[in-house]
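Asks: Just dropping this structure here.
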Amino acid sequence: MNQKSSLMTKLSGSPYIVWAVLFIIVPLCMVAYYAFTDKTGAFTIDNMAQISKYADTFILSIWLGLLATVICLVIAYPLAYIMASKGPEKQSTMTMLIMLPMWMNFLLRTYSWMTILEDNGLLTSALNSVVDFINNTAGLSLDPVHLINTRGAVVVGMVYNFLPYMILPIYTVMLKSDRSLVEAAQDLGGNRLDVFRNVTLPLSVPGIVSGFTMVFVPSVSTFYISQKLGGTGTILIGDIIETQFQTANNFNLGASLSFVLMILIFICLAVMNRFSDDDGGVII
C-alpha cells in the first residue's frame, strides 16, 4: 500500500516536473549558453565583460524599480489591512475592484497613462490650470507641468501595473493570520499601535517579502513602460535587452544582460525564502 501511495505521489508530481524542465530549466540553460558563447558557438567571456558598459543603466533600473516597489508597499499595506478586516462579501468586492484593471490588456493600460500624462492630457491640463492660477494670483512665473517622457511617469506606470501583485500577497497572509494572537495581545493591555507593531506587522512579513519580490522583479526588467512613458530619456536594462534581440541581433550580449537579471531574480527569491515560512502564504 505504501509503495502504491509513493508511486501515485511521484506520478502526480510528474506533470509539474516536465513543465518545470521545459519552461524553466531549458530556457535558463539557453540564456546561460548564449551568454558565454559568441556567434560561432565558441566559449567566451567577452559578453560578460561588456556588462560594465551598462552599469549606469542597471543602477537606474534598480533605483526606479526599488522606488516603485516601495510606493506600492506604502499603498498596498493599508489596503490589504482594510480588506482583511472586512467581511467576506466586502473582501470579494474589494478583490474584484483591485483585479478589474488586470483584465484589460497590459498595453492598453500603459497607453491610457500616455493619454493621461501627455501635455494636453487630463492630469497635466488640471495641474497646469493650478499653475496658471498661482501665477496670476501670486504674480509668480512657475513653469508649466510636464509629466510625459519623464522618470516619474515611468514610476507611475510601474506602480499602476504592478500594485495588485503587492496587495494580494499581503492580504492573503493577513487573512490567514491567527486572530487569537491579536486578541491575546489586546487582552494583555496592548493598544492598537503595540498590537500592530508586535503582532500584525511580524505576521505579515512573508506577504510583504513576497509582494516585494513580485513587484521589484518585473519593475527592474520592464521595457514597454519605459518606452511609452519615459521616452528616449529613460532607458532601462529591459530596453537594452529588447534592442539587442529585436534590432541589433546580438543575441549573445542580450543573453548576458538577461543572465545578470536572472541572478538578481534568484537573489530576490533567496531573500523571500529566507524571510518567509511554510505558512506564510507566499505567492509566486
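Asks: Condition first: within 17 Å of the chain's Cα centre (by Cα) and in a helix (DSSP H, G or I). Can you find one or more residues in the range 110-121 that meet it? It would help to see each step written out before you state the result.
Replies: Step one: filter the range 110-121 for residues within 17 Å of the chain's Cα centre (by Cα), giving 110.
Pick out the ones that are also in a helix (DSSP H, G or I) and you get 110.
Checked against the condition, which is being within 17 Å of the chain's Cα centre (by Cα) and in a helix (DSSP H, G or I), the range 110-121 yields at least one hit.
Asks: I need the helices (runs of 4 or more DSSP H) fully contained in the range 1-56, keeping only those with at least 1 residues that are hydrophobic (A, V, I, L, M, F, W, C), at pLDDT below 85 and loosely packed, with under 11 Cβ neighbours inside 10 Å.
Replies: So the answer is 2-20.
Asks: Starting from residues that are of a type in the set (Ser, Thr, Tyr) and in contact with a helix residue (DSSP H, G or I) (Cβ under 8 Å, 6 or more places away or on another chain), keep the ones in the range 45-62 and report whichever is nearest to ASN250 (Cα to Cα).
Replies: TYR54
Asks: Counting only residues that are assigned to a helix (DSSP H, G or I), over 25 Å from THR44 (Cα atoms) and of a type in the set (A, V, I, L, M, F, W, C), how many does the range 221-266 have?
Replies: So the count comes out to 2.
Asks: State which residue is surrounded by the most Cβ atoms within 10 Å (Cβ to Cβ) when the search covers only the range 168-204 and only residues that are at negative phi and not in a helix (DSSP H, G or I). Please lay out each step first, then the result.
Replies: Kept after step one, since they are at negative phi, are these residues of the range 168-204: 168-188, 190-204.
Now narrow it down to the ones that are not in a helix (DSSP H, G or I): 177-178, 188, 190-191, 204.
Values: SER177: 19, ASP178: 11, LEU188: 9, GLY190: 16, ASN191: 10, SER204: 25.
Filtering first and then ranking leaves SER204.
Asks: Those residues that are within 15 Å of SER219 (Cβ to Cβ) and either surrounded by fewer than 17 Cβ atoms within 10 Å (Cβ to Cβ) or acidic (Asp, Glu) (or both), I need them from the range 236-251; list them, please.
Replies: Listed by number, the list holds a single entry, ASP239.
Listed here are the residues, each with its yes/no results for (1) crowded, with 20+ Cβ neighbours inside 10 Å; (2) under 30 Å from GLU118 (Cβ atoms); (3) among the small types (Gly, Ala, Ser).
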{"site": "PRO206", "(1), (2), (3)": "yes, no, no"}
{"site": "GLN227", "(1), (2), (3)": "no, yes, no"}
{"site": "GLY230", "(1), (2), (3)": "yes, yes, yes"}
{"site": "THR234", "(1), (2), (3)": "yes, yes, no"}
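Asks: Right, next: Just one of LEU123, LEU163 is touching a helix residue (DSSP H, G or I) at 6+ places or on another chain (Cβ under 6 Å), surrounded by 12 or more Cβ atoms within 10 Å (Cβ to Cβ) and within 22 Å of ILE237 (Cα to Cα); which is it? Working first, answer last.
Replies: Values: LEU123 fails: within 22 Å of ILE237 (Cα to Cα).
Among LEU123, LEU163, only LEU163 is touching a helix residue (DSSP H, G or I) at 6+ places or on another chain (Cβ under 6 Å), surrounded by 12 or more Cβ atoms within 10 Å (Cβ to Cβ) and within 22 Å of ILE237 (Cα to Cα).
Asks: How many of the residues in the range 57-95 are among the basic types (Lys, Arg) and not in a helix (DSSP H, G or I)?
Replies: 1
Asks: Taking the range 45-71 only, how many residues are of a type outside the set (A, V, I, L, M) and without any contact (Cβ under 8 Å) to a residue 12 or more places away in the chain?
Replies: 5
Asks: Quick one: how many residues across the range 126-165 are of a type outside the set (D, E, K, R) and in a loop (DSSP other than H, G, I, E, B)?
Replies: Looking only at that region, the number is 12.
Asks: Can you tell me which of (1) out of contact with any Pro (no Cβ under 9 Å at 6 or more places or on another chain); (2) among the hydrophobic types (A, V, I, L, M, F, W, C); (3) without any contact (Cβ under 8 Å) to a residue 60 or more places away in the chain; (4) surrounded by fewer than 18 Cβ atoms within 10 Å (Cβ to Cβ) is the one MET114 doesn't meet?
Replies: (3)
Asks: Moving on to the next point. Which residue pairs have Cβ atoms under 8 Å apart, sit 6 or more places apart or on different chains, and have a first residue in the range 180-201 that is under 22 Å from ILE170 (Cβ atoms) and a second that is of a type in the set (Phe, Trp, Tyr) and part of a helix (DSSP H, G or I)?
Replies: THR200/TYR81
The values are calculated or read from the model by the stated rules, or taken from the named source; none is laboratory data. Note that this is a predicted model, so its numbers are computed, not measured. Cβ atoms come from the backbone with ideal geometry, glycine included; neighbour counts cover every protein chain shown.
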